[in-house]
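In what follows, a single structure is set out as structure tokens and then discussed.
Every number here is computed from the coordinates shown, using simple stated rules; none is lab data. It should be emphasised that the depicted structure is a prediction, and the values quoted were computed from it without experimental measurement. Positions of Cβ are generated from backbone atoms using ideal geometry, with glycine treated the same way; all protein chains shown enter the neighbour counts.
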Amino acid sequence: MKLTAISGKLVLLLTLAGVSTGMAQNATPHLEKEVRHELVMLPELNLFDNLSFRVDGNNVTLMGQVTKPILKSEAENVTKHIEGVGQVTNQIEVLPLSPMDDQVRRATFVALSRQPQLERYFMQSLPSIHIIVKNGNVTLEGSVATKTDSDVANIQARTVTGAFSVTNNLRIEK
């Protein structure tokens with residue numbers, strides 16, 4: 001978990017179903033739930049994308065990284081149409097097209113999902129571990145049950161040929 005100061009208020013960042021959320025004290029839980037639901041239902045969303053958002057009152061800020069430009073615009077469009085949403089700020093980064101990055105993504109997925117300890121995280125339609133690759137640099141996002149699972153994922157990602165670096169941002173579920 002990470003605390004971020006926004007307009008003098010603390011925003012608690014949480015993770016559920018692979019979409020990180022942040023809600024200011026004056027945001028409604030209903031609005032947060034609806035935004036999360038709409039984002040996880042996006043048909044193009046997969047384990048190589050990382051979407052997060054922050055709700056401040058009725059304003060929503062979209063963040064993260066996606067592999068397809070259409071996903072950035074779809075995320076903004078579905079969020080704008082949620083009842084109660086005022087302004088949507090789209091800060092989602094579209095990752096550069098790269099056959100090398102695609103190869104590293106697939107190899108990292110194979111390295112992690114073949115570990116008996118980690119395979120349960122990849123059995124869901126939207127896995128709780130997300131693999132973000134930009135210019136050969138791998139970032140693991142999402143959540144796992146234990147520190148040991150996080151460490152195993154980190155070690156396995158570091159074995160991938162073509163990965164220049166690995167950043168492990170996996171959170172431990174409470």
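Numbers for the structure displayed
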{"quantity": "Ranked Leu62, Leu126, criterion: other C-beta atoms within 10 Å, fewest first", "calculated": "Leu126, Leu62"}
{"quantity": "Extension gain (nm, one decimal) between Met100 and Ile155, 0.36 nm per residue minus Cα-Cα", "calculated": "17.7 nm"}
{"quantity": "Cβ-based exposure ranking for Phe53, Phe48, Phe164, in which fewest neighbours within 10 Å come first", "calculated": "Phe164, Phe48, Phe53"}
